[in-house]
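Undergrad: This structure is in structure tokens; I'll ask about it shortly.
None of the figures in this text is laboratory data; all of them are computed from the coordinates on show. Everything numeric in this text was worked out from a predicted model, so none of it was measured. Heads up, the Cβs are rebuilt from the backbone with ideal geometry, glycines too, and the neighbour counts pull from every protein chain shown.
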Amino acid sequence: FALPGGKICITRGMLGRLTNEAQLAAVLGHEIGHVTARHTAKAMTRQMVFGGLVALGAYAASSKYQQYGDLIMVTSGLGLNAFLAKYSRDQESQSDELGLNYMTKAGYNPQGAVEMFQLLQSLQKNDPSFIEAMFMSHPQSKERVAHAKALIATEYALVSKQKGLTYETSEFKTVAAKLKTDGKSYEEHEKGIAAVGKSLWNEAATHFKKAIDSKPNEALFHADLGYALLLKGDQAESQTHLQKAVELYPEFFKPNYYLGYLSYKQHNYGTALSYLKNADKLVGGNPEIRLMIGESYEQSGDVRSAVEYYTDVYQTDPQSKVGQIAAKHLLRLGVLKPKPQ
């Protein structure tokens, strides 16, 4: 799927189902088509996302966990579903055409696109839960598949007969083999995600720890274990795993945000600034994060920087909850004038 700013992601689940590099080229070509045709920009607001937060934040803010209301608010605000564009049939058709053009110009066999569509049709029958999630942003239709096949049989008929087109590569085989080897670790991780969705913290932690035992250097496992432990109330162990996640993958949004949030709640504002600013760089434009940065600056004595962040949050959406909080800060600091009664 495509995200704001031209970022393109492919899930581990999808990658593990592809059998050659030409199929991968077809998937990526299609997503590049959405970006170059500006479908993503037309369908999304100016927000950003990281994959995975929605599953861990979906159980949401029950009264039992009100102490983590801000964390859940940001987590939900960054949920994946909010950022997946709902593309029209015309947009899908245009992206299919652009994708075929891009993959063939890059030297890939267009037969990979046919196989990719056949794979999706097969998954639609045999793994409906997986395909339902994927088609959240890509509504599938028999007409669309038939259109792609017709293009390959007509406009790309000569191209498909050329010699030397890339179909399978040793690099892809290596990645595919590694995905299979690591499969059990990610199965445990998925079980942990499911347990988090039911607020079963101990069960979730058990699954995440099993995943870590078999793949100790996977930052994702440490980040999600840290998150589950945080909501369980075990801040010390949570912090240990979140810090390990950042150590393994410094540019990982999740643990940077969670550590920033945790430090902010502990009134450790210098540390909070470090992690929250990292998170803001990695996934920019979230007003809740920027409000916490502003408040951390003010508590650290840097009022000028605090005002810059408060002003940005207020101007972004003055009617929102965080916008109104920012406005109160600006009024208190004398930057905004009270409205005349």
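Undergrad: Here are some pairs, Lys254/Lys281; Lys254/Lys328; Lys105/Lys161; which of them have Cα atoms lying more than 20 Å apart in this structure?
TA: Lys254/Lys328
Undergrad: Now for a separate question. In the structure displayed, which of Lys191/Lys265; Lys210/Lys277; Lys180/Lys210 lie more than 25 Å apart, Cα to Cα? Display every interim value, and only then the final one.
TA: Details: Lys191/Lys265 29 Å; Lys210/Lys277 32 Å; Lys180/Lys210 17 Å.
From the list (Lys191/Lys265; Lys210/Lys277; Lys180/Lys210), the Cα-Cα distance tops 25 Å for Lys191/Lys265; Lys210/Lys277.
Undergrad: For segment 167-255, compute Rg over Rh where Rg is the Cα radius of gyration and Rh is the Kirkwood radius from the inverse mean 1/r over Cα pairs. Each step should come with its number before you reach the end.
TA: Numbers: Rg = 14.3 Å, Rh = 13.5 Å.
Rg/Rh for segment 167-255 comes to 1.06.
Undergrad: Just flag the GluC sites (Glu not before Pro) in segment 221-318 sitting in loop per DSSP whose Cβ has no more than 16 other Cβ atoms within 10 Å.
TA: Glu251
Undergrad: Seen from all sides and averaged, what is the projected area of the convex hull of the Cα atoms in segment 184-332, in nm²?
TA: 9.1 nm²
Undergrad: Suppose a student asked you for the relative contact order of segment 184-332, using Cα pairs under 8 Å spaced at least 6 residues apart; what percent would you report?
TA: The value is 12 percent.
Undergrad: DSSP loop chymotrypsin sites (Phe, Trp or Tyr not before Pro) in segment 160-235 with at most 16 other Cβ atoms within 10 Å of their Cβ, which ones? Intermediate results must be reported in sequence, preceding the final value.
TA: Working: sites: Tyr167, Phe172, Tyr186, Trp201, Phe208, Phe221, Tyr227; in loops: Tyr167.
Qualifying residues, ordered by number: Tyr167.
Undergrad: Over all alpha-carbon pairs in segment 250-300, figure out the percentage whose distance exceeds 17 Å.
TA: Tail of the P(r) past 17 Å holds 19 percent of the pairs.
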